[in-house]
């Protein structure tokens, strides 16, 4: 499983590993432990893994008693795990470090000692809940890990040639052509239904068995439910109710999350902590309404008006079609060929949110419900800012279209009203690349390149 985060680990090793430890933060089952061990085995003479899911009292006691004597500390650690340690050539991995905050606090002294390099893995939500009064080291750098993106999915399927062609066509602003576009969309639809959780992708790459893929995704969803019960103390019911409601809310024409559907008197302040919990756990990608499409979308963010996307679209499909214990092979195949009579826009918009998040964008949309002025009544699926800000023309509006016959009246209204702020307007659709009347039409698989 080739992951892009590996290059970030190489850069850290080359430039910062002598001064910082690196904490890989991500949702459960996105591959944090896998990539940490792969990095240790390939890039160091030896690596030592301390898994705090399994570490016994002897190991934990070592952090309590011997940090003032690091010679003894390292000798014991090396002997206990039967791993030789080489100065400057050994990586020590603290896996699931949130389960033992004392080890995380020890990073300050271990990095200062300078003998070895340190990687940590954990989930932000449990890091916060378990840290208590323990010291959070300033020597700790964070990097976020997401589900596999479309290119990583292609790599897992043995295809390393398609995405370079897509990138080339995007850069040259030209279409792929009928044959290659169809091939790219076929691969993209596979990514849509399988998702980016590495275990599910690996199963699909080996067996092409949707029943087994779905069983894996349901195990992950159950793991998330168990985490909610275990870690969302005091508001686990609210977290669960939001989590269960996501597919129904995305199915609506207006995908804004309506808290009144959870309880008649539901207000944002009542569910704020629950939403933050799901965001910190990286189970959802929230998208907030920005009331003014200018530089600093966050400054105009309306926190109480939001959409709530699943962080992985493959998990969304298993979450949505849960009438039986498994989503059948037949349903998966109909989804692959666009033959299922469902609101496909829900899945397309969710995967665009997923790809934009993975590419580093915070998610914003634009909504105006002016009852008196029809020209001001519009909703834009996503807003993104260009990389280098200028005095004008900084914001790109994005509309997502799942079908072949569609209108884009909201986008045209937006272009008229906010011409001075507008950069490139995009429509993401299932057809090939095109430019028409000042709008760039991108195939969905080009979304990561924005």
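The values are calculated or read from the model by the stated rules, or taken from the named source; none is laboratory data. Small disclaimer: the values here were computed from a predicted structure and weren't measured. Cβ: placed from backbone, ideal geometry, glycine included. Neighbour counts: every protein chain shown.
Tabulated results
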quantity: Residue, nearest to residue 60 (Cα to Cα), within the range 102-116, restricted to residues that are buried (at least 19 other Cβ atoms within 10 Å of the Cβ) and touching a helix residue (DSSP H, G or I) at 6+ places or on another chain (Cβ under 7 Å); calculated: 103
quantity: Residue within the range 402-409 that is closer than 23 Å to residue 437 by Cα and in contact with a helix residue (DSSP H, G or I) (Cβ under 6 Å, 6 or more places away or on another chain) present; calculated: yes
quantity: Residue in the range 121-132 that is at pLDDT 90 or above and at negative phi present; calculated: yes
quantity: Residue selected from the range 174-184 under the condition surrounded by 19 or more Cβ atoms within 10 Å (Cβ to Cβ) and touching a helix residue (DSSP H, G or I) at 6+ places or on another chain (Cβ under 8 Å), by the criterion nearest to residue 147 (Cα to Cα); calculated: 184
quantity: Some residue of the range 219-232 being assigned by TED's automatic domain parsing to the domain that holds residue 333, out of contact with any strand residue (DSSP E or B) (no Cβ under 8 Å at 6 or more places or on another chain), surrounded by fewer than 15 Cβ atoms within 10 Å (Cβ to Cβ) and touching a residue at least 24 places away in the same chain (Cβ under 8 Å); calculated: yes
quantity: Enumeration of residues in the range 62-80 that are loosely packed, with under 15 Cβ neighbours inside 10 Å and within 18 Å of residue 108 (Cα to Cα); calculated: 64, 65, 68, 69, 71, 72
quantity: Residues (in a loop (DSSP other than H, G, I, E, B) and under 24 Å from residue 204 (Cβ atoms)) located in the range 152-175; calculated: 157, 158, 159, 160, 161
quantity: Answer residue from the range 250-271, given it is part of a helix (DSSP H, G or I), touching a residue at least 24 places away in the same chain (Cβ under 8 Å) and surrounded by 15 or more Cβ atoms within 10 Å (Cβ to Cβ) and is nearest to the chain's Cα centre (by Cα) among those; calculated: 250
quantity: Residue that is under 30 Å from residue 311 (Cα atoms), in the same structural domain as residue 209 (by TED's automatic domain parsing) and either over 33 Å from the mean Cα position of the chain (by Cα) or surrounded by 16 or more Cβ atoms within 10 Å (Cβ to Cβ) (or both), where the choices are 157, 165; calculated: 157
quantity: Enumerated helices (runs of 4 or more DSSP H) restricted to the range 9-108, each holding at least 1 residues that are over 24 Å from residue 202 (Cα atoms) and in contact (Cβ under 8 Å) with a residue 24 or more places away in the chain; calculated: 57-65, 70-81
